[in-house]
Structure formats: structure tokens, C-alpha cells
């Protein structure tokens, strides 16, 4: 069985192209919700607005409050040729890692000029096989980035961002500026739904994981144990840890909203305790790993052969999750960032 669990091919499944959501549901909470009991392997088809029916009064839901930045920048070279970069990870105050669609042609020391504001220069200071490192002249701040960049929709959304995406590809509680991809499980929640959950007695708390473009990085190794996971920075507030302990003391469940929240909580959980603070994680969770930090998970439907699918397979059990995914395809659930959701208990 272990040989199967470590094989990349074991995480493949047939996904019709039309099930890859190109647009969000008309209303956030009207996405579909598949509620899965991982012990009995039984599931129920629901609407997301009925999620509060499955939340207990003593539970705690932990959300990722990272905010997506306009990280895609259309530029021109000094020759006039068009080039596109996507900021993937902030290294320090004015320096970013990026990917570039003209990677081989770009030269170290070259300046790229954003088409939306060519008074700004993006200086290429380093190159590697995986991308480039750039600095900005003048200094990059949130205001400047808003003027030169556009929303970086995921690569499987095959269209340019529209005005509505600037609202819908952010969670309603997004606050901490710096992610280049959305924590998509949180996209289904509305202010009203959050109020309903709190009114039931459950606790809502937050952490921050700055989701990087590495979340879309494919696994290329046939033995998944050989895959190198990307690193992402996080912050877990002391208040959230206190809320977790209070919920657990009342017999409540720790519910991670999204794989990003789960990865942070699992990274900081040691000997029954959660360690608050700043940090970075490259944790790679796959079967037969046992998740210890959370009791339930709200998540979207993920890409075949992805690290995210491997994570949910570890959480729910390989056979259980692969069978459930086959049923989701059969039931015409919508997949990926703008798709439908699962509640795995």
C-alpha cells in the first residue's frame, strides 16, 4: 500500500475541462458543499449557506486573513518587446522573486517598464532556473503596486481578470496584504454567514499565511517523497492559540478553513501545544501522515496530482478521498479556486 501512496500516478483522476470553474458562483454562499464524514466515509450534498448546521457551539473555525496583491505586471523591455512577470514571493522590503514569460531572454541588470506606468523601473538583479529576482525604482509600496499590477488569477482560469474578480478573488475578511494567491476555502464565506456561526456559539479566529505562487507548482517526481515543497511565511497570533485552547477545553473541534490554515497549524503543533508567532513553513503533508492539529477541514476541490490533493488524502484517508473525488466529478461539482467546497469532519 505504501508504494501506492507514494506514487504520483495514484493521485490522478479524470477531470473534465468543463468542471474547472472559470467564474465564481453568483453569490459566495451559494456554492455547493459536500459534507464528508471521514470515519464512516458517508457524505451529504449541501449548499454552502447550510454550513452552520454542521458547526457545533463549542467549535473554533480558523481562517487565513491574507490579502491578494495585484502581483501580475505587464511590462515592456527597452526594445519595446512585451514581457509579463508575476511576483511570487517577497524577499525583503523592495526585493521580490518573480516568474517571467521571457525568462531565457531577460538579462541581469535589465530594466523592465510597467505598461500601466512606465515611470517605474523593475530591475532584474538575479536569474535562476525557476525565475528572476527584481527590485523596484522608485521604492515599491502598496499604492504603486495597485497602479502597475493586476490581479493574478490562477493559471487554470483561462481569462483576464474582470472588475468583479477584484472583489470575489478576495475573502470578505482579507486584511494582511502580501499573498499572490487566495486562500480559496474562505471565498465562500459572507459577513452574514460568519455572524450566523458566531451567533451559534462557535469561535472565529484568524492566522496569516502569505500564499505564494508555489501553491500552483506541479509535482514532477514520480515518487512524491522526492518533491521539494515551496516555503511560505506565516503568523499565528497568541489570541488565536488562546481561542484554540478554550475551544478544546469545552470539547469543541478545531476546524481549519483551508489547507493554508491547516498547514500553519500542523507546522506549529508539537507535543500537544501550538506555538504562536512568526515563521515559515515548507511542510508537505501526504499519506500515510496523520494530521494532529485539527479535527475538521473546509476546503475546495483540488487539482489532480497536486500537493493539496495529497494533503486532503492524508487528512481523510487515501481511499476515502479518491472515491469522494470520483463522486464529485460524477455529481458535476465545480473544481479549483472558484469551485465548490468540502467539509471534511
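Rule-based calculations on the coordinates, nothing more; no lab input. Owing to the predicted nature of the structure, the values given are computational and were not obtained by experimental measurement. Here the Cβ positions follow ideal geometry from the backbone for every residue, glycine too, while neighbour counts run over all protein chains shown.
Of the residues 8, 153, the one with the fewest other Cβ atoms within 10 Å heads the list, and the complete ranking is 8, 153. Taken along the Cα-to-beta-carbon direction at a fixed 7 Å, the label points for residue 91 and residue 198 span 4.1 nm. Cα centroid distance between segment 180-238 and segment 36-88, in Å? Segment 180-238 and segment 36-88 have Cα centres separated by 7 Å. By the count of neighbouring beta-carbon atoms within 10 Å, fewest first, 67, 27 end up ordered 27, 67. Dividing the helix sum by the residues of the chain, where each DSSP H run of 4 or more adds -39500 (n - 2.57), gives a mean residue ellipticity at 222 nm of -5500 deg cm²/dmol. Taking the C-alpha atoms only, the angle from helix 259-268 to the longest principal axis of the chain is near 80 degrees. Relative to the longest principal axis of the Cα atoms of the chain, helix 238-249 runs at roughly 20 degrees. Between helix 318-330 and the chain there is an angle of about 80 degrees, using the helix long axis and the longest principal axis of the Cα atoms. Neighbour counts of C-beta atoms inside 10 Å place 26, 319 in the sequence 26, 319, starting with the fewest.
The ellipsoid equivalent to the alpha-carbon distribution of segment 72-148 has semi-axes of 17, 15, 10 angstrom, derived from the gyration tensor eigenvalues as √(5λ) and listed largest first.
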